[in-house]
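The values are calculated or read from the model by the stated rules, or taken from the named source; none is laboratory data. Everything quoted here is computed from the prediction, not taken from an experiment. Glycine also receives a Cβ, built like all others from the backbone with ideal geometry; neighbour counts cover every protein chain displayed. Side chains included, ligands, DNA and RNA excluded: accessible areas come from the protein's heavy atoms. Shrake-Rupley method; radii C 1.70, N 1.55, O 1.52, S 1.80 Å.
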Amino acid sequence: MPWETESKLALVREWLERRKRPGVALTTNGPVAWLTAGLTNTIDRSDALSPLWLIVTQSQAVGVTTTVERPRLEAEGGLAELDIPLVEVPWHDGGAFARAAAEIAGAPWNELAPDEDDLMAMRLRLLPPEQERLAELGRDAAIALESAVSAWEPGERDLDVQARVADGLERVGAVPVCMIVGGDDRVERFRHPLATARPMHRLVMAVVVAMRGGLHVAATRFVCAGRLPGSAQHAFDAALDVEAAMLAAHAPGSSYGDVLQACERAYAETGHPGAWQEHYQGGPIGYRQREFEIAPSQRQSRWFTQAIEPGHAVAWNPSIAGGGKSEDTFLVEEDGLRCITDTGAWPNVSSGGRLRTGILEIAR
């Protein structure tokens, strides 16, 4: 069995021992991809439930799938190399998965249901091979995003730019799980200016969350024709200032709550007190588009005191009304943060002592 899966099975079994549980069923796409070192099996992209379940006990790990999917998974899923045998159930029997899980574990289904928060805590710290895969995805996703939006010509529709982003991602085996492309005054009015087949004449904002092998990265890019209007430039600069404070809060021993408190202070210091309430601020990223998102006010959350450790990945998302937003994906390393969605080909600006993603200006 490969070291990565073996290490993760050990984590799960330690958790089973602590919780005094007979086993656990991993039933959704993220945990399945995590345990199998990247097996993604999505058929219906709108469904979080995986067509492959993994049942883990102290003595075995067994896959459960349908008669439809078993031939493909046996031929291409790599489960034999992971020492995970497959059990087949009828596709037309809605309760078959749970019954098979109970039979494998020798325990009632209600004792096998996963604790999603505990599973999330196990996977926050990415192993070195996962970090490599995430960094490769970050670069591929950023190249696809930047190539698509830098080809924008004033007057082109938002849907056409969005289609280029999706095409670039699909060509490298990545799934665009979130895409937002909008332009002009809609960027200044709305945090999520979803594409509506409108032409964009002077400003484009493109946002993507891309998934491959179960892992996710996020990034946002802006392009404008000529210089950005003063109000939008002010909003963009303020968002960078907030982000700089959040990134600086990733000191040794810091927690996610420390970052959110720095976020709250920074919004006030930029002249936008309480503006964190107007939009999601992002958080750790990995086997979900954000593993969790908390607000500065949620001090009772278990995640507020969660330590930020090397191997975590984060994608913060501060924004200011009027068109200001900054978003990239970073790996937390022993010596600081590394931006894995920086291609080196995009304009940079200095913010908080580090180079950050700027705005591409094109001539009309």
Sparse-neighbourhood loop sites, GluC sites (Glu not before Pro) in the range 30-95 - DSSP loop, at most 14 other Cβ within 10 angstrom: Glu81
Per DSSP, loop trypsin sites (Lys or Arg not before Pro) in the range 1-99 with at most 13 further Cβ within 10 Å: Lys20, Arg45
Estimated inter-spin distance, Asp237 and Ser254, nm [label 7 Å along Cα→Cβ]: 2.4 nm
The range 1-132: equivalent-ellipsoid semi-axes (sqrt of 5 x gyration tensor eigenvalues, Cα, Å): 21, 18, 14
Sparse-neighbourhood loop sites, trypsin sites (Lys or Arg not before Pro) in the range 108-164 - DSSP loop, at most 10 other Cβ within 10 angstrom: none
Solvent-accessible area, 1.4 Å probe, carbon plus sulfur percent, for the chain: 50 percent
For peptides 219-230, 236-247, sequence by mean Cβ density within 10 Å, most packed first: 236-247, 219-230
Extension gain (nm, one decimal) between Arg171 and Ser147, 0.36 nm per residue minus Cα-Cα: 7.3 nm
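To the nearest 0.05, how large is the calculated FRET efficiency for Arg354 and Ala48 if R₀ is 56 Å and r is the Cβ-Cβ distance?
0.95
Would you calculate a helix-derived [θ] at 222 nm for the chain, using -39,500 (n - 2.57) for each DSSP H run of n ≥ 4 and dividing by the full residue count, to the nearest 500?
Using -39500 (n - 2.57) per qualifying helix, the result is -10500 deg cm²/dmol.
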Part-to-part distance (alpha-carbon centres) for the range 237-252 and the range 174-193, which is given in Å: 23 Å
Distance cut-off 18 Å, percentage of C-alpha pairs in the range 257-364 lying past it: 55 percent
From phi via Karplus (6.51, -1.76, 1.60), per-residue ³J(HN,Hα) for the range 260-265 in Hz, x at Gly/Pro: 5, 5, 4, 4, 4, 5
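Calculate, for the range 285-339, the solvent-accessible area per residue in square angstrom, rolling a 1.4 angstrom probe over the heavy atoms of the protein chains.
For the range 285-339, the per-residue accessible area is 37 Å².
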Calculated P(r) tail over 28 Å for the chain, as whole % of Cα pairs: 47 percent
Label-point separation, Arg189 to Arg72 (7 Å along Cα→Cβ), nm: 4.2 nm
Probe 1.4 Å, accessible area per residue of the range 188-231, Å²: 37 Å²
Of Gly353, Gly257, Gly30, the one that fluctuates the most in a GNM where the chain has Cα springs shorter than 10 Å: Gly353
Within the range 233-364: Cβ-based charge dipole about Cα centre, in debye rounded to nearest 20 (Lys, Arg +1; Asp, Glu -1): 240 debye
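Per residue, how much accessible area does the range 53-111 show when a 1.4 Å probe rolls over the protein heavy atoms, in square angstrom?
53 Å²
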Residue-span extension gain [Glu269 to Met122] - 0.36 nm each, minus C-alpha spacing: 49.4 nm
